[in-house]
């Protein structure tokens with residue numbers, strides 16, 4: 001495919017040939033002089049590196065030679081028809097040389113302007129894409145969306161047939177991006193793009209960054225740019241099929257892909273730092289909650305079991321995985337307010353007096369006040385505050401009724417009550433399973449949301465039973481160790 005510069009050269013040579021003919025000069029391409037009337041001249045002519053030059057042959061004849069813009073393959077020879085008039089031939093060739101140089105300068109200026117405009121356009125497009133990508137990094141909860149949009153933007157900005165991002169299978173480092181392939185192309189199936197990307201990676205993937213020429217890849221230029229996160233190669237960007245006139249990869253393409261790779265790595269770092277912070281924070285809260293459970297051996301593991309049941313019931317009732325995860329965390333923290341209840345009441349081995357039960361009833365509000373200043377768990381506050389509300393409005397702390405009670409709290413109310421009845425207490429043993437389930441069913445519409453109860457009764461409780469057995473064993477082991485130390 002001829003590029004724009006070559007087309008300008010050919011156009012210029014056509015004009016030069018026309019003007020030479022007006023002066024009685026014949027023009028011939030140097031590489032076509034092997035045969036014909038000028039064959040004897042070919043071996044005597046070496047074209048200049050660029051521009052016009054008058055050459056005297058061994059027999060005294062004068063010829064002009066033009067090399068346009070350092071393109072020796074386009075060199076031409078101007079031969080005067082009347083070589084007998086040497087002085088006149090020299091003047092004609094001198095005039096042609098002036099015309100040739102004027103044409104060359106005009107062509108070079110036009111090409112320089114074209115290249116400069118192209119440079120500005122590509123620079124703007126690259127900067128605009130990077131700007132859009134950087135802005136999208138603020139949405140740290142949507143890594144797939146950010147990468148997907150980046151690939152789509154690369155198609156438009158790079159003017160290529162397709163682009164893809166191929167990530168390694170590493171859930172620890174990549175989270176939701178692990179093992180994923182994001183592909184976009186012009187009228188191409190994503191599966192076909194993925195196959196082509198993997199073939200290129202198999203052939204050239206040992207390179208951190210490589211521009212692949214059309215000659216190396218069945219006539220299709222391509223680029224591979226690695227994505228590195230914390231010194232580990234976690235994926236690759238792949239682009240192929242330039243749609244411009246040259247079809248070759250330019251420095252603009254490689255620089256843009258480097259920038260996109262860096263932005264994706266920055267996104268991964270931001271997400272990972274956020275997750276690590278969240279994991280540390282939630283781990284601290286869970287340890288705090290577990291330490292409260294451990295104060296009373298009869299409630300060991302209670303919050304962990306309520307969290308398990310709450311999540312399972314949330315899923316069974318139609319909540320999303322993300323919503324169910326928040327219910328799970330709310331279940332872990334639902335009793336954190338008990339830190340404000342005196343140990344003599346919280347750990348009392350017998351039944352509570354009305355005054356003591358009044359103290360216990362304060363724990364949802366205390367937990368709410370503890371967690372309220374923490375932005376990361378504000379969406380859990382309704383579950384913490386209202387998990388002791390009743391469907392009939394006779395609960396606490398605000399005596400909400402029916403759907404006034406937040407759904408998260410309604411879910412935790414069922415889970416909390418079920419675990420309480422299924423666990424040993426100082427003042428009573430755990431109730432039989434069939435009794436507990438009958439009680440849950442009987443309280444549908446009075447204590448519990450009637451729509452949640454059927455979903456709970458249909459749940460598989462084996463994971464709960466395994467967790468309960470583990471907690472009971474831990475309680476026995478702890479008591480045995482304590483008795484041994486006392487002895």
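The values are calculated or read from the model by the stated rules, or taken from the named source; none is laboratory data. Keep in mind that this is a model prediction, so the values were computed, not measured. Ideal geometry is used to build each Cβ from the backbone, glycine not excepted, and the neighbour counts take in all protein chains shown.
Would you pick out the residues in the range 425-449 that are touching a residue at least 40 places away in the same chain (Cβ under 8 Å), assigned to a loop (DSSP other than H, G, I, E, B) and surrounded by 13 or more Cβ atoms within 10 Å (Cβ to Cβ)?
Within the range 425-449, 426, 445, 447, 449 qualify.
Go through the range 198-225 and give me each residue that's farther than 19 Å from residue 252 by Cβ and part of a strand (DSSP E or B).
Of everything in the range 198-225, nothing turns out to be farther than 19 Å from residue 252 by Cβ and part of a strand (DSSP E or B).
Could you give every pair whose Cβ atoms fall below 6 Å, whose first residue belongs to the range 152-175 and is under 14 Å from residue 238 (Cα atoms), and whose second residue is part of a loop (DSSP other than H, G, I, E, B), counting only separations of at least 6 or pairs across chains?
Within 6 Å, the pairs are 159/243; 159/244; 161/186; 162/188; 167/180.
Could you tell me whether any residue of the range 340-359 is surrounded by 22 or more Cβ atoms within 10 Å (Cβ to Cβ) and in the same structural domain as residue 419 (by TED's automatic domain parsing)?
No, because not a single residue in the range 340-359 is surrounded by 22 or more Cβ atoms within 10 Å (Cβ to Cβ) and in the same structural domain as residue 419 (by TED's automatic domain parsing).
Would you say residue 460 is in the same structural domain as residue 306 (by TED's automatic domain parsing) and assigned to a loop (DSSP other than H, G, I, E, B)?
Spelling it out, residue 460 is indeed in the same structural domain as residue 306 (by TED's automatic domain parsing) and assigned to a loop (DSSP other than H, G, I, E, B).
Do the conditions hold for residue 250, that is, is it surrounded by 14 or more Cβ atoms within 10 Å (Cβ to Cβ) and at pLDDT below 80?
Against the criterion (surrounded by 14 or more Cβ atoms within 10 Å (Cβ to Cβ) and at pLDDT below 80), residue 250 qualifies.
Of all the residues that make up the range 391-423, how many are part of a loop (DSSP other than H, G, I, E, B) and surrounded by fewer than 21 Cβ atoms within 10 Å (Cβ to Cβ)?
11
Would you please name the residue that is nearest to residue 199 (Cα to Cα), looking only at residues in the range 152-165 that are touching a strand residue (DSSP E or B) at 6+ places or on another chain (Cβ under 8 Å) and surrounded by fewer than 22 Cβ atoms within 10 Å (Cβ to Cβ)?
161
Any chance the range 367-378 includes a residue that's surrounded by fewer than 16 Cβ atoms within 10 Å (Cβ to Cβ) and at pLDDT 95 or above?
No: the range 367-378 contains no residue that is surrounded by fewer than 16 Cβ atoms within 10 Å (Cβ to Cβ) and at pLDDT 95 or above.
Taking the range 301-356 on its own, how many of its residues are more than 18 Å from residue 448 (Cα to Cα) and assigned to a loop (DSSP other than H, G, I, E, B)?
So the answer is 12.
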